[in-house]
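The values are calculated or read from the model by the stated rules, or taken from the named source; none is laboratory data. In this text the structure is predicted, and so the values were computed from the model without any measurement. Note: ideal-geometry Cβ built from the backbone for every residue, glycine included; neighbour counts use all protein chains shown. Note: accessible area is taken over every heavy atom of the protein model, side chains too, but ligands, DNA and RNA are not part of it. Shrake-Rupley method; radii C 1.70, N 1.55, O 1.52, S 1.80 Å.
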Amino acid sequence: MKKAVLAVVTAAAVVAAALVPSGRPVEAATPGFGSAVSAVKQVSWQTNDSVNALAVAGTTVFAGGLFTRIRPPGKAVGQGDAARTYIAAFNRSTGAPTRFAPKLNGPVWSIATSPDGKWVVIGGDFTSVNGQSRKRIAMFSVATGGLVAGWDPAVNFRVAALAVAGNSVYLGGSFGKVDKAVRNRLAAVTLNTGALLPWNPDADDDVHAIDLSDDSKRVFVGGGFETLQGEPHHALAMLNTTTGAAYAMPAAAVIPVKTPDCDSRVKDIDTLGNKVFAGNAGAGPGCYDGVIAADATTGKLLWQSKCLGATEAVKAMGNWVYKGSHAHDCSRDGGFPDKTGMHHLLVHSALNGKLGPWYPNTDAGGETLVGPLAFASGGNDLWAGGDFTEVNGVPQQGLTRFTNAPGGARPGLPAAPKVSSTRVHRATVSFPTVVDVDNISLTYTLYRGKTKVGSWNRYSYSWTKPTVTTFADSGLTSGQSVAYRVEVTDGRNVRKSATAAVRIR
């Protein structure tokens, strides 16, 4: 439930089916809006193990996970590190840690902050915080970092998902009891006292994700469940905030029914405006791994991404839905085919689900690991946590961030154009497109010496073959030697090719 409207800092995203000589697309599958953040990795500290959950309160981002130490950017494990047992906080502007350092005895799997930014609630496997009993859920003051005294609901197993609205804290996970009362995998407590509320949707399998509509009138829950309150509701549901009763959620019908060969679970949910977005991870070959967009009031399907490669995190920002996954085949969405490598960070248009102009990357940190697992944003940034050890090919473990700072990624360096002169008074010049990891639309300008002779807009993704532009430069003097070069710009950065000379016939 994020309400930030973000500045547009990158160029238009358009998928071109073909290009006419003018360079304009024949078909545009994605509307022309700019990505909310750049693909350039900004400075931030690292962790020594996985970050499973992130949340923002004002100028602070909270990170929780399996880590026990943090260290400065650019440092290897053990260099300049500091103890942070499963929870840490960082300055959103600098990426540096704050003094927030409670001592937990077990991992954190979920974090949520109150809408007023005063409180942060964490959930996980821990049973002790700063030596005090806290059974898998705890609350801190954002201002002081202090553990809230007396706020101590007792949950008997993992709390994997949290959301806060009004005076209610909604929790989901693998538990069966809260304060000794039966609450199967979903429950709610009050924000001010921690008292258990009657809310009891009664899920028959684990819950991995919770979020509320922006008006706080509906709760969206996701996981591997098949029923709620004994009624069929598979993997994704929309619930009443007071009674826990389920509303119709027709979009959930596109998630395949669980079979021995396919178990597709909702791993993350995010809402923005009147839309709700859910990311799925499927166990089994070809089992659904994509992103679903639905109307947050009617539950009707708006669009569906069918990329393969488990989606673990989604974040809606402006006109975009950012995705953390290990996507390896988006051919069914008109994107990259299988065997092109893993694309761990991608963006979809919030309007129609088409892939957009943002593809930085992480590794997965190992063969059995995923990569990004959690996102959070304060409105002009995107924090990503996970089990990765590299970002954009540079060592960076567990945590990274992207912002809308001016500049963004530079286009690739264009090659020197190919030139020839086979006809009198004429030169033929050709050059291929390059790739920019946070732009699809680039402008190419051809120069003869210092004279501009042509300019074209071209569209390219990192997984598409370069488009070659050919230009006939006529009216030249026979015997003259002329040199050509290409400049490419994304509207902020300019890259210049080497020159290529030819003698005119």
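Rounded to the nearest 0.05, what FRET efficiency do S128 and S216 have when you use their Cβ-Cβ distance and R0 = 35 Å? All intermediate terms of the calculation are to be shown ahead of the outcome.
Working: r = 32 Å, r/R0 = 0.92.
The value I calculate is 0.65.
From largest accessible area down, sort F90, F157, F100; use a 1.4 Å probe on the protein chains. Can you show the working numbers first?
Values: F90 0, F157 115, F100 20 Å².
Of F90, F157, F100, the descending order of accessible area is F157, F100, F90.
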*Based on the Cβ-Cβ distance of N105 and K300, what FRET efficiency does E = 1/(1 + (r/R0)^6) give at R0 = 45 Å, to the nearest 0.05?*
0.50
*asked:* Test of understanding: what is the full-extension gain from E231 to A245, defined as 0.36 nm times their sequence separation minus their Cα-Cα distance?
replied: 4.0 nm
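Using 0.36 nm per residue of separation minus the Cα-Cα distance, give me the extension gain between N274 and R505 in nm, one decimal. Could the numbers behind the result be given before it?
Working: separation 231, 0.36 × 231 = 83.16 nm, distance 6.41 nm.
That pair, N274 and R505, stretches by 76.8 nm at full extension.
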*Pick out, from F431, G407, S462, the residue whose Cα sits farthest towards the positive end of the charge dipole of the range 402-465, with +1 on the Cβ of Lys and Arg and -1 on the Cβ of Asp and Glu.*
F431
_Relative contact order for the chain, counting Cα pairs under 8 Å that sit 6 or more residues apart, in percent_ = 13 percent
*May I ask you to derive the FRET efficiency for A253 and A181 from their Cβ-Cβ distance with R0 = 35 Å, giving the value to the nearest 0.05?*
0.60
*Measuring from centroid to centroid over Cα atoms, what is the spacing of the range 229-285 and the range 348-413 in Å?*
25 Å
*Using only the alpha carbons of the range 191-276, determine the length spanned along each of the three principal axes and report them from longest to shortest in whole angstroms.*
45, 28, 20
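Ordering W119, W199, W463 by accessible area with a probe of 1.4 Å, largest first, what comes out? Walk me through the intermediate numbers first.
Numbers: W119 80, W199 5, W463 45 Å².
So, going from the largest accessible area down, we get W119, W463, W199.
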*What distance in nm separates the simple spin-label points at N352 and T477, each placed 7 Å from Cα in the Cβ direction?*
5.1 nm
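Which number do you get for Rg(Cα) / (2.2 N^0.38 Å) in the range 158-303?
Numbers: Rg = 14.3 Å, N = 146, 2.2 N^0.38 = 14.6 Å.
That ratio works out to 0.97.
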*asked:* Let me check the size of the range 427-505 from its C-alpha atoms; what are the radius of gyration and Dmax in Å?
replied: 13.6, 43
*Accessible area of V494, 1.4 Å probe, to the nearest 10 Å²?*
80 Å²
*Could you tell me the number of lysine pairs in the range 61-182 with C-alpha atoms less than 23 Å from each other, where the two lysines are 8 or more residues apart or belong to different chains?*
5
*Would you kindly find the accessible area of H328, with a 1.4 Å probe and non-protein molecules such as ligands, DNA and RNA excluded, rounding to the nearest 10 Å²?*
50 Å²
*For K418, go through the lysines and keep the ones whose alpha-carbon is under 19 Å away, minus same-chain ones fewer than eight residues off.*
K450, K452, K465, K496
*Sparse-neighbourhood loop sites, trypsin sites (Lys or Arg not before Pro) in the range 263-331 - DSSP loop, at most 14 other Cβ within 10 angstrom*: K300
*Summing Lys, Arg as +1 and Asp, Glu as -1, what charge do residues with Cβ under 11 Å from the Cβ of G123 carry, G123 excluded?*
+3
*Normalised by the number of residues in the range 327-471, what is the relative contact order in percent for Cα pairs under 8 Å and 6+ residues apart?*
15 percent
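Run the dipole for the range 360-488 about the Cα centre, Lys and Arg Cβ at +1, Asp and Glu Cβ at -1, nothing else charged, and hand back the magnitude in debye, nearest 20.
Details: 11 positive and 9 negative charges, 224 e Å.
Here the range 360-488 has a charge dipole of around 1080 debye.
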*Can you pull the percent of Cα pairs in the range 44-195 with separation above 28 Å?*
15 percent
*Can you send over the solvent-accessible area of S462, 1.4 Å probe, protein chains only, in Å² to the nearest 10?*
60 Å²
